[in-house]
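Colleague: I am attaching a structure below and will ask some questions about it afterwards.
Values quoted throughout were computed directly from the atomic coordinates according to the rules given, and no laboratory measurement underlies them. In this text, all values refer to a predicted model and were calculated from it rather than measured experimentally. Please note: Cβ atoms are built from the backbone with ideal geometry, for glycine as well, and neighbour counts cover all protein chains shown.
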Amino acid sequence: MNLLQELKIKFQTGDILTRLLFINCGLFVLLLLLDIIFTLFSFGGNKFAFVVCNYPWSPYMIALRPWSLVTSMFASSGLWHLLFNMLTLYWLGGIFLRFFTSSNLRGLYILGGISGMILFTAVFMLFPSLQLKDWVQNIPLCSACILCFCTALAFRAPDTTENIPLLGPVKIKYIVLTLAIIDVALLPHVSPAYDAAHLGAAATGWLFNYLLRKGKDITQPVTNVIVWLDKLITPKK
């Protein structure tokens, strides 16, 4: 059995955290290889593959790059940011699953990305001056997706503690706040709209927890769509 087959089996048999980790890391490696090839053949600009897989604020560019609606949710801004995102996803995602379901995690990850896209586009359209400045207008949204479920966790179990090496027990609300600050620090100040995207994702995480307490699960529509797509793609036996 070769490496690709082993990875395929681990992906198919893994839980939602394993699959998200595989998709994020796999996309990063793929875009890195594509950019190396594009550079060798002088095709496109700097980090061309990475840029076209990020989310563009412009509806016109979205129409030209519809795949970015999906790929941007699994893209990080660089190697260190990827490592930080995957550590946060694995660690806090595991804690999240103690209080919520795998469907909740998957749904919030996607809803965090969608809300981030909406806020990112809305800020550019509400403030046209941003379009004229030298702001980055294509962004990765992996960290916003992760922030969404982390916020839900912080509001669900704020005073639950986790043991941190050298620090001892630390409340989850402080862990999430610290990781959010580090995440912002790792990102270059590319655009005020980028900050809005993260705030939108965090607000979605809060809204999920608030409505769930009232018996309403906003991740259920996402689960329904995933199940429908799975039935559509999976060949009938």
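Colleague: Could I get the Rg over Rh figure for the chain? Both from C-alpha atoms, Rh via Kirkwood, rounded to two places.
Modeller: On the way: Rg = 18.4 Å, Rh = 18.9 Å.
Computed over Cα atoms, the ratio is 0.97.
Colleague: Scattering from the C-alpha atoms of region 5-143 alone, worked out with Debye: what is log10 I(q)/I(0) at q = 0.12, 0.13, 0.22 1/Å?
Modeller: With no solvent term, the Cα-only Debye profile gives -0.55, -0.64, -1.38.
Colleague: Apply the Kirkwood formula to region 138-213: the hydrodynamic radius equals the inverse of the mean of 1/r over all pairs of different alpha-carbon atoms; give it in Å with one decimal. Display every interim value, and only then the final one.
Modeller: Details: mean 1/r = 0.0760 Å⁻¹.
About 13.2 Å, per the Kirkwood formula over Cα pairs.
Colleague: Which trypsin sites (Lys or Arg not before Pro) in region 87-192 sit in a loop by DSSP (not H, G, I, E or B) and have at most 16 other Cβ atoms within 10 Å of their own Cβ? Could the numbers behind the result be given before it?
Modeller: Details: sites: R98, R106, K133, R156, K171, K173; in loops: K133.
When the trypsin sites (Lys or Arg not before Pro) of region 87-192 are filtered for loop state and at most 16 Cβ neighbours within 10 Å, K133 remain.
Colleague: Using only Cα atoms, locate the centre of region 136-214 and the centre of region 1-58, then give the distance between them in Å, rounded to an integer.
Modeller: 24 Å
Colleague: OK, next. Can you list, largest first and rounded to whole Å, the semi-axes you get for region 1-47 by taking the square root of 5 times each eigenvalue of its Cα gyration tensor? Show your work: numbers first, answer last.
Modeller: Details: eigenvalues 164, 33, 4 Å².
Equivalent ellipsoid semi-axes, largest first: 29, 13, 5 Å.
Colleague: Now, a different point. Charges on Cβ only, +1 for Lys and Arg, -1 for Asp and Glu, centred on the Cα centroid of the chain; of W228, C25, A196, which one is farthest towards the dipole's positive end?
Modeller: Comparing the listed Cα positions along the dipole, W228 ranks first.
Colleague: Sticking with this one: May I ask for the Rg/Rh ratio of region 61-114, computed from Cα atoms with Rh as the Kirkwood radius, given to two decimals?
Modeller: Working: Rg = 13.3 Å, Rh = 12.6 Å.
Over the Cα atoms of region 61-114, Rg/Rh equals 1.05.
Colleague: Which peptide among 113-125, 68-80, 16-28, 217-229 comes first, and what is the full order, when sorted by highest mean count of other Cβ atoms within 10 Å?
Modeller: On the way: 113-125: 21.5, 68-80: 19.3, 16-28: 17.8, 217-229: 14.2.
Descending packing order for the listed peptides: 113-125, 68-80, 16-28, 217-229.
Colleague: Still on this structure, I have one more. Magnitude of the Cβ-charge dipole of the chain, K/R +1 and D/E -1, about the Cα centre, nearest 20 debye?
Modeller: On the way: 17 positive and 10 negative charges, 138 e Å.
Value, rounded to 20: 660 debye.
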